[in-house]
Each structure stands twice: as structure tokens, then as C-alpha cells.
Amino acid sequence: MELGYFATLVSDATAAFSHLMMRAAHKLNGPTYAHAILTMAELIEVLPKASASKDNAMTMLFKLLTSASSESLNRDRRRFLTTAAIGIAAAGATSLFPSYQASAAAGDAIRPFRVDTPEADLLDLRRRVLATRWPERETVDDQSQGIQLEKIKPLVDYWGTGYDCRKAEAKLNALPQFITEIDGLDIHFIHVHSKHPNALPVIITHGWPGSVFENLKIIGPLTDPTAHGGRAEDAFDVVIPSMPGYGFSGKPTGTGWGPDRIARAWAELMKRLAYSSYVAQGGDWGSPVSGAMARLAPQGLLGIHINLPAVVPPEVAAVLAAGGPAPQRLSTEERAAFDALSAAAKMGNRSYATMMGTGPQTIGYAISDSPAGLAAWTLGHPGFTHWTYDSSDPEKSPDEVLDDITLYWLTNSAASSARIYWEYGGGRSPVLAAGEKTSKIALPVAITVFPGESYQAPETWARRAYRNLIYFHKVDKGGHFAAWEQPELFSAELRAAFRPLRRPI
């Protein structure tokens, strides 16, 4: 059978075919080698129908992979085709894979993606870092004036002399990445299938100043739970998109890209990936986005899990806004939550949100031009307060922190990522139940409370805010970036939280 442009895609068609069929058949967890060959034969039959161009052939391939109308392809065959596509990427057809500047094809095409940072960009970053003009030391012995000089300077010095961006690039390129255009904007996402049958699809949303990097360490525990103390029936297929204006996703050129619009885009993405049922998870900005998804209730969404819940009641929110004393008749747990939120407001812990909510373009000029400024602005987020980001703590190593900051720098997304605060209404807090319209959410909601979060959501408030709360659990480790900080615990929480929503086998 004529291979057409598929032979061009894999460079050495004979060797690549043999390798891909063996590799895919091994990973299918059930289908036989003959089944794998049959599926590849179907693929070969389809590809010559594409017009005589490499791009059209690739579009045909990935449309076949992800189209919800491809009923003739069962789950295992779609998994095989996805494995084959990943293998094509690994086979070295680099001329067909865009760098982060490339756009997806028109329509609903899904195209493979690889990070390929120009060396000139890395040299420019290092030059700027080494030329940093530092201010004098702060006049206090704590962080009340901002991130301390003695804490950030060694990190930035290492950024300019020892940090290897190519290792971060390799982390991403080891995973299947794609770009697709939704609502006029390119959306970058990581998509990893589980080897276990009947895996539950989950779309996981990061926040600011996070990125897809903060969720990389939960991919293994979620897709392969048996290797991490879990059960095969708790496996997930994992989809991790980059938020609009973040990382390798496109930058909105107009207004309107708030949580509701992102929620609709995520629903379209899951539909495009042919998932008829799925769940959503989010912390930081991922919480308002996941909450909006639950409120909008797109077809197929079974429920959500959040780790920055919007549970503060309206009467408590009013007192916090006025800076007043704690309301009477609060329980011990509720009083602790009130005191934490009140103290944070008085200490200006959300000053970054106010600045980006009212002047994202203004702060964007500074943090788009100075790597050290970007690092300081990022690490000023309260979620990083207790991070050491030095060699004494491997889970919060300098390299992991710099992977995230470098992604913002190389994609020049400091300003574009900040604009969601402006879209959200001047940087208002996402923990207010009325602001998030939680009363309109009927779908199941699960909550995990981590001790290092900005406040400890009381269960009484949570049950009042979310009428269909199916899971509420407080754990003893982890903070604002819980998936990054405690990936095994975080993954175990998702398994437990979503277990009631799984369809019986």
C-alpha cells in the first residue's frame, strides 16, 4: 500500500513503521500485535486521501486521532494512533514540528508541538541576568518590604551562571504536547494517556505565577497509579493546558478572556479530544476556571476538584472588605480562617493582584525587560513565602523554580499572563462565594485543604457555598502550589475525590 506523505513524516518509513508498531502494541495493554497492525493499516489508508502536502497529511492524522465523530475508532485504536503520533515526533521529523512561535492550522486541527528555544534567546537572557543592577539591602530583617536581597540574589546569580534551560526543555519534550486553535486563540496542552483501561480523563488548570511545570510531577502518579501506591481502576488520562497568555499558548489581542471564556475553551478542548465524560481540577486560577466549568456545566463534565475554594460567605466578605473585627458567633475554625484572611489583607499580601488587576501593562514593561525583576515579582507571590528554593530542599530546588520563571521570560508572557487579573475585576479575591457564584453550581464539587494555603477553608463554609459537595478533606502537608510541592499526596487526593464519579466497569 502506498504510504504517501507518511513516509516523509518519519524519514525512514520502513524502520520507523516497525519501531512504532512494536512500541504501540507494547503500550496498548490489551490489544494484540495483529490489532495494532490493523489500526496502522487504517491509518495508512486514510493518509493518502490528504492532499499532496505534509501539513495536510499531519492535519488528517491528528483530526483522525481526536475527532469526536470518528466512531469507527474505539478507545484502544485511538490510543494506538496517539502513540504512533508521539513516535513520529520522536522519530525526528523536526521540520514539521513548530517552535513556540508557530500557530496551529485553521479549524479544529490538533498539531504536535516541541519546544525549541533559539540559542540566541538563551544568550540574551544570560547577558541580562549578569548585568543586573541590584538595589541596596532592605532595612528590615523580614519580608515585610518584599523578597529579601540575600534570598533572591543567589538564585539570580545561579540563573546566569549554572542553570541549564535545555534540561527544562527536555522535560517538556519528553511529554506529548500539542497546539490547537480554540475561539481564535492557540492553546498549548500536554496530553498523556494512561496505560490502564477505563482511565478517567481530567483537565488540570494551573495559575499565576505557575505554569504547566507545576503539574508535571503528578502526571506519573495519575496516569500510572499502580507504580505510586494506587489502584489501576483509579487511573486518569491527563490533559494540562497552558492558560491563554501563558507559556506556549497564544496571547489574547482583545479583552474578554476571563475564567468563563477559558472554561468554555477547556470544554471545547475536551470535546475535541473525543472525551464524552471527564472531570476538572484547579488551584489558584485553576479554581475559578474549574468553578466556572462546573457552573456552566458543559456536556460531559462530571465534577470538579479545587484546592483554593471560594467559600467565604457574603457577610464575612463584607467585614473583611471594610477591615472590621471578626463577626460574632464564628466557630473556632471559621474564626481562624477570618483571622488569616484579615491579616493577609492588612499585610498587603495581595498587592501583586491589585497591581496586575489595575495596571497589568504598567508592571508588564518592567518585568518583561528585567529577568531579575521578573524573578522578584514572581517570588513575591505569597505561595512562595515558605519555599527555600536552594539545594537544601530538592522538592523546591533552584532549577524547578527557574524552570517556571524562565518559561515566562522566553515566551515574553509576563504582561499577557497578568491581564487575567484585570479581566477578573481589578484583582479581587477568588475565595468569595458570591463572586464565584457558587450557589449556581449543581455539579459535584470536591475540595482538599492544604495547610500552607493562604487560608484554611472551614467545612461549614464549604458546605454552605457548594450545595453538592461530595468530598472535603484536610491534609497535613502542602501549600498553595500543592501539586508541585506534594505530588504523591495531591494525586492520592484526586483519586479519592473523583472515585465516586467513575463509571462502573
Next item on the list: Taking 7 Å along the Cα-to-C-beta vector as the label spot, tell me the residue 123-residue 385 distance in nanometres, rounded to one decimal.
Entry: 4.3
Note to self: I need the phi-derived Karplus couplings for the stretch 481-498: 6.51 cos²θ - 1.76 cosθ + 1.60, θ = phi - 60°, integer Hz, Gly and Pro marked x.
What the structure shows: 9, 4, 5, 6, 7, 9, x, 5, 5, 4, 5, 4, 5, 5, 4, 5, 5, 9
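Sort largest first and round to whole Å: the equivalent ellipsoid semi-axes of the stretch 117-232, each the square root of five times a Cα gyration tensor eigenvalue.
Numbers: eigenvalues 264, 81, 47 Å².
Taking √(5λ) for each Cα gyration eigenvalue gives 36, 20, 15 Å.
Kindly state, to the nearest 0.05, the FRET efficiency for residue 456 paired with residue 233, given R0 = 35 Å and r defined as their beta-carbon distance. The partial results should precede the final answer.
On the way: r = 31 Å, r/R0 = 0.90.
It comes to 0.65.
Report the calculated FRET efficiency for residue 296 and residue 164 (r = Cβ-Cβ distance, R0 = 51 Å), to the nearest 0.05.
Numbers: r = 42 Å, r/R0 = 0.82.
Between residue 296 and residue 164 the formula returns 0.75.
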Notebook entry, point to check: Each label point is 7 Å from the Cα along the Cα-to-Cβ direction; what then is the distance between the points at residue 464 and residue 392, in nm?
Noted result: 4.1
Next item on the list: Please report Rg over Rh for the stretch 402-505, where both radii come from the alpha carbon positions and Rh follows the Kirkwood definition.
Entry: 1.02
Next item on the list: Provide the per-residue ³J(HN,Hα) series for the stretch 397-405, in order, calculated from phi with Karplus coefficients 6.51, -1.76, 1.60 and θ = phi - 60°, each as a whole number of Hz, with x at glycine and proline positions.
Entry: 5, x, 5, 5, 5, 6, 4, 5, 5
Notebook entry, point to check: If you take the square roots of the eigenvalues of the alpha-carbon gyration tensor of the stretch 278-395 and sort them as a ≥ b ≥ c, do you get rounded (a/c under 1.5), prolate (a/b over b/c) or oblate?
Noted result: oblate
Next item on the list: Give a residue-ordered list of calculated ³J(HN,Hα) values for the stretch 331-338 (Karplus: 6.51 cos²θ - 1.76 cosθ + 1.60, θ = phi - 60°; whole Hz; x for Gly, Pro).
Entry: 6, 4, 5, 5, 5, 5, 5, 4
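Give me the number: length gained by fully extending residue 134 to residue 149, i.e. 0.36 nm times residue separation minus the C-alpha to C-alpha distance, one decimal in nm.
Working: separation 15, 0.36 × 15 = 5.40 nm, distance 0.85 nm.
The residue 134-residue 149 span can extend by a further 4.6 nm.
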Next item on the list: Multiply the residue gap between residue 255 and residue 477 by 0.36 nm, knock off their C-alpha separation, and tell me the result in nm, one decimal place.
Entry: 76.1 nm
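In whole percent, and with a 1.4 Å probe on the protein chains, what portion of the accessible area of the stretch 427-471 is carbon and sulfur? Spell out each step's value before the answer.
Values: 980 of 1810 Å².
The computed percentage sits at 54.
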Next item on the list: Please work out the C-alpha center-to-center distance from the stretch 463-505 to the stretch 350-379 and express it in whole Å.
Entry: 32
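Give the accessible surface of the stretch 196-315 per residue, rounded to a whole number of Å², with probe radius 1.4 Å and ligands, DNA and RNA excluded.
Values: 2990 Å² over 120 residues.
Computed with neighbouring chains in place, this is 25 Å² per residue.
For the stretch 159-293, which whole percent of the accessible surface, found with a 1.4 angstrom probe, sits on carbon and sulfur atoms?
Numbers: 1800 of 3620 Å².
Heavy-atom surface of the stretch 159-293 belonging to carbon and sulfur, 1.4 Å probe: 50 percent.
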Margin query: Taking the Cα centroid of the stretch 237-257 and of the stretch 171-208, what is the distance between the two, rounded to the nearest whole Å?
Written below: 12
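The values are calculated or read from the model by the stated rules, or taken from the named source; none is laboratory data. Remember, it's a predicted structure, so these values are computed and weren't measured experimentally. Backbone-built Cβ (ideal geometry, glycine too); neighbour counts: all protein chains shown. With ligands, DNA and RNA removed, areas are computed over all heavy atoms of the protein, side chains included. Shrake-Rupley method; radii C 1.70, N 1.55, O 1.52, S 1.80 Å.
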